[in-house]
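Asks: Before I ask anything, let me first share the structure, which is written out below as structure tokens.
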């Protein structure tokens, strides 16, 4: 599934980053952000309820890490693409080991995430 058909949930504890990612996704016509969460617990509930096509998940968050969220999504057998993002390589490696489809470094712009979303 590509383009604006993709329904995306953002799970990141930074409201500023969520806003920037949302604007970048919608400006690029890569998809539509249907919900946002600021921690893994809320993200899990939203993903289970809304069944998005893609979840963009920050690796380091309060209450439930992104790695644990990814692990739980895979254990529950939810079918969606998971794109993990982080400031550190170790976090990205852990996210991939937990079941993320792609792992992208956080950068000042959203080009890495947009490329991952388009693939």
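Each value in this text was obtained by applying a stated rule to the coordinates, not by laboratory testing. These numbers were taken from a predicted model, which means no experiment stands behind them. A quick note on method: Cβ atoms are made from the backbone with ideal geometry, for glycine too, and the neighbour counts reach across all protein chains shown.
Asks: Could you sort 90-103, 56-69, 73-86 so that the peptide with the highest average Cβ count within 10 Å comes first and the rest follow in order?
Replies: In decreasing order of mean packing, 90-103, 56-69, 73-86 become 56-69, 90-103, 73-86.
Asks: Hey, another quick one. May I ask you to work out the translational diffusion coefficient for the range 59-103 at 20 °C, viscosity 1.002 mPa s, via Stokes-Einstein with Rh from the Kirkwood sum over Cα pairs, reported in whole µm²/s?
Replies: Taking Rh from Cα pairs, D becomes 210 µm²/s.
Asks: Report, to one decimal in Å, the Kirkwood hydrodynamic radius for the range 3-118 based on all distinct Cα pairs.
Replies: Mean inverse Cα-Cα distance, inverted, gives 13.5 Å.
Asks: Give, as ranges by residue number, the residues of the range 56-80 whose backbone N falls under 14 Å from the point 7 Å along Cα→Cβ of residue 5.
Replies: No residue qualifies, since no backbone N sits under 14 Å from the label point.
Asks: Let me ask something else. Given the -39500 (n - 2.57) contribution per DSSP H run of 4+ residues, what per-residue ellipticity at 222 nm results for the chain, rounded to the nearest 500 deg cm²/dmol?
Replies: After summing the helix terms and dividing by the residues of the chain, the value is -13500 deg cm²/dmol.
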